[in-house]
Amino acid sequence: MNDAAIEVRELKKSYGPDGLSFTVPRNAICGFLGPNGAGKTTTLRILMGLARADGGSARVLGVPAGTTHEIFERVAFVPEVKDVYPFARADEMIRLTRGFYPKWDHDLERRLVDEFEIPLKQSCRKLSKGIKAKLALLLAVCRGADLLVLDEPTDGMDPFGIEQALRLLVEQVGRHGRTVFFSSHQLPEGGSETTPRRIAWAHIRHDVAADDTVRTGFPVGLAGKPASGRRRRAPRRRGADEVQEPSFGTEDTDPDGFG
């Protein structure tokens with residue numbers, strides 16, 4: 001069996017990635033790091049069959065991206081815009097989603113409703129951005145999918161909420177053997193003990209500051225080591241993504257390893 005959950009090779013899109021290549025192994029958590037407008041959402045939409053690439057290839061769980069809807073029985077996708085039915089209450093949204101997935105985890109649902117403080121009787125249109133993000137994450141992880149593909153899953157959450165979400169994602173990999181691939185432009189401060197230890201970052205466009213890397217304790221994969229405290233400026237061009245092959249390992253996420 002192929003050990004890769006996601007394989008991307010020389011992926012191209014006129015308004016997104018330009019020659020993007022990376023691999024996400026099974027039973028791992030992998031972050032897709034880059035600034036807004038770098039093409040992260042476009043890449044995830046291609047993986048989910050919601051957009052067509054102009055060139056290159058992408059495979060999800062061994063299946064070419066966009067060739068079959070059956071893959072959604074094994075993949076949970078949370079888009080950048082957390083669309084929940086505005087006319088429904090939060091508990092109704094959960095009940096509606098639950099009915100489509102026979103492997104739904106009821107115990108996890110009850111736990112997350114409590115931990116995320118989801119106001120079950122409140123209309124979804126009145127939920128804050130952060131609570132909508134937590135609700136969308138609950139709806140994704142409870143369905144028992146093999147692969148979670150999450151676009152900015154913590155957008156709108158406060159620092160404590162981000163920590164809760166990361167703890168949950170690590171748990172999904174460690175306890176349940178799932179694969180998590182999520183994009184983000186925001187990271188928790190300080191590299192706490194609950195942040196993922198087995199993680200890789202695909203760096204898009206070399207415009208993430210080196211000092212940001214040190215502060216968060218997450219490797220970004222910059223080509224070469226810039227001088228301490230100096231920012232590496234982005235190339236002035238649009239529509240071209242420069243991505244290095246992600247590396248995997250535990251020691252790379254230690255903030256003390258940056259110097």
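The values are calculated or read from the model by the stated rules, or taken from the named source; none is laboratory data. None of the values given here were measured: they were computed from a predicted structure. In this analysis, Cβ positions are derived from the backbone assuming ideal geometry, glycine residues included, and neighbour counts consider all displayed protein chains.
So the values come out like this:
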{"quantity": "Residue within region 23-37 that is farther than 27 Å from Val170 by Cβ, out of contact with any helix residue (DSSP H, G or I) (no Cβ under 6 Å at 6 or more places or on another chain) and either of a type in the set (S, T, N, Q) or modelled with pLDDT under 85 (or both) present", "calculated": "yes"}
{"quantity": "Neighbours by Cβ (under 9 Å, 6+ apart or cross-chain): first from region 121-136, touching a residue at least 40 places away in the same chain (Cβ under 8 Å) and surrounded by 14 or more Cβ atoms within 10 Å (Cβ to Cβ); second in a helix (DSSP H, G or I) and of a type in the set (Val, Ile, Thr)", "calculated": "Leu135/Ile94"}
{"quantity": "Residue ID - nearest to Thr23 (Cα to Cα), chosen from residues in region 38-93 that are in contact (Cβ under 8 Å) with a residue 40 or more places away in the chain and basic (Lys, Arg)", "calculated": "Arg59"}
{"quantity": "Residue count for region 121-153, restricted to those that are of a type outside the set (Val, Ile, Thr) and in a helix (DSSP H, G or I)", "calculated": "14"}
{"quantity": "Search result, residues across region 43-68 that are under 17 Å from Val81 (Cα atoms), surrounded by fewer than 21 Cβ atoms within 10 Å (Cβ to Cβ) and hydroxyl-bearing (Ser, Thr, Tyr)", "calculated": "none"}
{"quantity": "Number of positions in region 155-187 that are at pLDDT below 90 and either aromatic (Phe, Trp, Tyr) or in contact with a helix residue (DSSP H, G or I) (Cβ under 9 Å, 6 or more places away or on another chain) (or both)", "calculated": "4"}
{"quantity": "Some residue of region 188-202 being touching a strand residue (DSSP E or B) at 6+ places or on another chain (Cβ under 9 Å), surrounded by 14 or more Cβ atoms within 10 Å (Cβ to Cβ) and at pLDDT 90 or above", "calculated": "no"}
{"quantity": "Pairs where the first residue, in region 3-24, is among the aromatic types (Phe, Trp, Tyr) and the second is assigned to a strand (DSSP E or B) and crowded, with 18+ Cβ neighbours inside 10 Å, C-beta under 8 Å, 6+ apart", "calculated": "Phe22/Ile6; Phe22/Val8; Phe22/Val243"}
